[in-house]
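Participant: My questions all concern the structure below.
Just so you know, all these numbers are worked out from the coordinates, no wet-lab data involved. Computed from a prediction, not measured in an experiment: that's the story for all the values here. Glycine also receives a Cβ, built like all others from the backbone with ideal geometry; neighbour counts cover every protein chain displayed.
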Amino acid sequence: MVETLVLIEHDRHCVKRPSLHGITLARQLGGEYALLVLGQGLDEIAASLVSYGASAVVVADDPALTEPLADRYATVIAEAARKRDSRTVLGTSSTFSKDVLPRAAALLDVPMVTDVLAIEEKNGSTSYRRPVNAGSMLATVKLETDRRVLTARATAFEAPAADAAACPIERFEFDVASLPNGMEFISRDQRISGRPDLTEAAVVVCGGRPLKDKETFERLVGGLADGLGGAVGATRAAVDAGMAPNDYQVGQTGKVIAPQLYIGIGISGAIQHLAGIKDSRVIVAINKDPDAPIFQVATIGDLHQIVPQFIDALRRG
Amino acid sequence: MKIVVPFKSVADPNDATVAGAAASAPKSLINPFDEIAIEEALRIRERGDAAEIVGVTIGAPAVDEQIRAALAMGVDRAIRIDDSRALDPYAVARILRALIEKETPHVVIMGKQAVDDDSNQVGQMLAALLHWPQATFVSKIEFLENKRRARCTRETDGGLEVVAIELPAIITTDLRLNEPRYVSLPGLMRARRKPIEILTCDELRVAVRPLTTVLSIASPPKRAAGTRVDSVEELIAKLKQEAKVL
Ligand SMILES: Cc1cc2nc3c(=O)[nH]c(=O)nc-3n(C[C@@H](O)[C@H](O)[C@H](O)COP(=O)(O)OP(=O)(O)OC[C@H]3O[C@@H](n4cnc5c(N)ncnc54)[C@H](O)[C@@H]3O)c2cc1C
Ligand SMILES: Cc1cc2nc3c(=O)[nH]c(=O)nc-3n(C[C@H](O)[C@H](O)[C@H](O)COP(=O)(O)OP(=O)(O)OC[C@H]3O[C@@H](n4cnc5c(N)ncnc54)[C@H](O)[C@@H]3O)c2cc1C
């Protein structure tokens, strides 16, 4: 069958919205597609997925899958793909999909393409465009096999419409006793943030090295983000210095974002950071160095003066 | 405990020729994430938890310079699997599997991604092929229960996560695991006397064919140059009226 199996990510309560963008790639590939969710207690999540035009929502729901342990998840994903005879397994790029999908690909004995930006069909063969070298170059690659595993860059594919007639929800049965047992989940730091998710926000304010400490970072970067209703991100330098947690890191090896408006405060614009913000619609930089490589609309000056003025101006409306 | 560290030689991302579609060959270095993996192995050995660190890389003779650098950092011995083809991550994982089966380490520590091809696949694929547990994107490693298990802190999109994995296992490194040391002059001198073993895929009895072909590599479209504004008022006005994002 020419089916695509789309792995959908969730946080136990809701579907992670960027993970839906993979559906758009599945539509471009053509043929039918089914959505696959793994976890425990998935009734509501599965119900929220029935209108995306899939042939089915396939649910692997079991206490053994409560936590996303890569060895078990990859085993179940590979088994589902095999039983359904899916030609393609795809997900949207995230630390979750990057953890489990390469493992599933090897179990399926197929190659994988990471971070697909676009596909092109020519003479019956598909080629994939993907960023390499921190996005400073774009490679076009082709696979020798029909079967494949892909991850899509969420920023390169639109969110799909949910306007189709409801599809069935199917339970995927698998042999729990034969699942691997070598990994144990211990804990996860639960941080509740009142701000929008970094990868979904229309406005993102990022801070860099000169913010110096956690308090200044929160007051200036957090303050401006709140004034704009935006999310907060950081450079590696800011995360390394303990100003912001690891999941704020934006760039080649952190999150990739494409908001309507990105504001970089005290950020030089190293290629590894630019890799994560390139596709933002408007890039604003606040930097005292007029030659810093990062800017489209730039204000030159000291962030300690400019940012408070900016926050004030927004308050006045 | 024996640790194997696979490492890749990559073009220096700060070398302008890389971004600018090179005319001359850019300078190479050890993939930064693999350098972090080597550093972690050295620290584990230094605190008495490991007896031997074996570095392994797949590549042509040109990567010998990076092998010397790994040996100079303190890796005990190195293996180069001689293969000058353009390998895809799955091919790399299959070749590494054969080597790991031969070396039988207790743990494999390697980079989460190579900064040139940015695939982020090899470690996870290798773990699948060996049926070993994996901990990816790791920023802290502690050994438990007389090194039967490792407790690893992972950097995920949702924040930090902790897992305990049975050994042998694959661990892939993230940026904040450690800060690699610089190569010292005595280290470089010692490196000259350390062995580099050369193996072929035939000798390892693996026949792999890459399943990925790179058709072309091009520069992405450039953004239009920016403008500068002199005041916060002007910035806000521009964002409202021209960019219409406020
Ligand atoms: C110009 C150019 C042309 C290319 N052409 C082709 C082509 O035609 N066909 C093709 O299949 N590929 C091609 N490649 C890509 C190929 O050479 C990749 O390096 C390979 O696919 C591994 O992917 P990765 O480094 O992104 O793996 P990742 O999964 O990002 O690597 C993760 C880790 O795996 C380990 N690792 C990776 N490679 C090695 C290695 N060689 N030795 C030891 N450990 C390693 C390292 O520990 C690394 O940190 C090309 C690359 C370039 C730049
Ligand atoms: C393997 C690897 C992976 C990496 N991955 C990432 C990644 O994913 N994301 C990432 O961000 N980085 C990444 N990096 C790091 C990257 O190379 C840069 O080091 C980093 O992005 C720099 O952060 P910065 O801009 O905050 O700091 P700097 O480069 O130090 O820039 C600070 C800027 O602030 C300006 N400034 C200073 N004081 C003031 C002031 N008072 N007012 C206004 N402006 C001021 C300066 O002019 C300068 O331009 C990676 C590096 C490596 C090696």
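So that you can scan it fast, the table gives a plain yes or no per residue for (1) within 18 Å of the chain's Cα centre (by Cα); (2) closer than 24 Å to residue A:130 by Cβ; (3) more than 12 Å from ligand 1 (Cβ to nearest atom):
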{"position": "B:2", "(1), (2), (3)": "no, no, yes"}
{"position": "B:29", "(1), (2), (3)": "yes, yes, yes"}
{"position": "B:51", "(1), (2), (3)": "no, no, yes"}
{"position": "B:57", "(1), (2), (3)": "yes, yes, no"}
{"position": "B:70", "(1), (2), (3)": "yes, no, no"}
{"position": "B:89", "(1), (2), (3)": "yes, yes, no"}
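Participant: How do the strands (runs of 3 or more DSSP E) wholly within the stretch A:252-317 filter down when requiring 1 or more residues that are more than 8 Å from ligand 2 (Cβ to nearest atom), at the interface with chain B (Cβ under 10 Å from one of its Cβ atoms) and surrounded by fewer than 18 Cβ atoms within 10 Å (Cβ to Cβ): which remain? Full working, then the answer.
Facilitator: Numbers: elements: A:261-265, A:282-287, A:297-300.
So the answer is A:297-300.
Participant: Got a sec? Which of A:97, A:48, A:55 is among the polar types (S, T, N, Q) and more than 21 Å from the chain's Cα centre (by Cα)?
Facilitator: Result: A:55 is the single residue among A:97, A:48, A:55 that is among the polar types (S, T, N, Q) and more than 21 Å from the chain's Cα centre (by Cα).
Participant: Let me ask something else about it. Condition check: away from chain A (no Cβ under 11 Å), assigned to a strand (DSSP E or B) and charged (D, E, K, R). Does residue B:68 satisfy that?
Facilitator: No: the conditions fail for residue B:68.
Yes/no per residue for (1) buried (at least 23 other Cβ atoms within 10 Å of the Cβ); (2) among the aromatic types (Phe, Trp, Tyr):
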| residue | (1), (2) |
| --- | --- |
| B:66 | yes, no |
| B:75 | yes, no |
| B:80 | no, no |
| B:86 | no, no |
| B:90 | yes, yes |
| B:98 | no, no |
| B:101 | no, no |
| B:104 | no, no |
| B:109 | yes, no |
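Participant: Of (1) farther than 21 Å from residue B:179 by Cβ; (2) out of contact with any Lys or Arg (no Cβ under 6 Å at 6 or more places or on another chain), residue A:198 satisfies all except one. Which?
Facilitator: With respect to (1) farther than 21 Å from residue B:179 by Cβ; (2) out of contact with any Lys or Arg (no Cβ under 6 Å at 6 or more places or on another chain), residue A:198 is out only on (2).
Participant: Return the residue satisfying two criteria in turn: it lies in the stretch A:37-94 and is outside any loop (DSSP other than H, G, I, E, B), within 14 Å of chain B (Cβ to nearest Cβ) and of a type in the set (S, T, N, Q), and of such residues it is nearest to residue A:252 (Cα to Cα).
Facilitator: Within the stretch A:37-94, the match that is nearest to residue A:252 (Cα to Cα) is A:92.
Participant: Which residues, taken from the stretch A:133-169, are surrounded by fewer than 16 Cβ atoms within 10 Å (Cβ to Cβ) and either within 12 Å of chain B (Cβ to nearest Cβ) or touching a strand residue (DSSP E or B) at 6+ places or on another chain (Cβ under 7 Å) (or both)?
Facilitator: A:144, A:145, A:146, A:168
Participant: Just give me the residues in the stretch A:95-112 being more than 7 Å from chain B (Cβ to nearest Cβ) and either at positive phi or assigned to a strand (DSSP E or B) (or both), in sequence order.
Facilitator: A:109, the sole residue that qualifies.
Participant: State yes or no: is residue A:216 surrounded by 14 or more Cβ atoms within 10 Å (Cβ to Cβ), more than 10 Å from chain B (Cβ to nearest Cβ), farther than 30 Å from residue A:86 by Cα and touching a His at 6+ places or on another chain (Cβ under 7 Å)?
Facilitator: When the stated conditions are applied, residue A:216 does not pass them.
Participant: Under 9 Å between Cβ atoms, at least 6 apart or on separate chains: pull out the pairs that start in the stretch A:196-220 with a residue that is at positive phi and end on any residue that is among the hydrophobic types (A, V, I, L, M, F, W, C) and within 14 Å of ligand 2 (Cβ to nearest atom).
Facilitator: A:212/A:241; A:212/A:243
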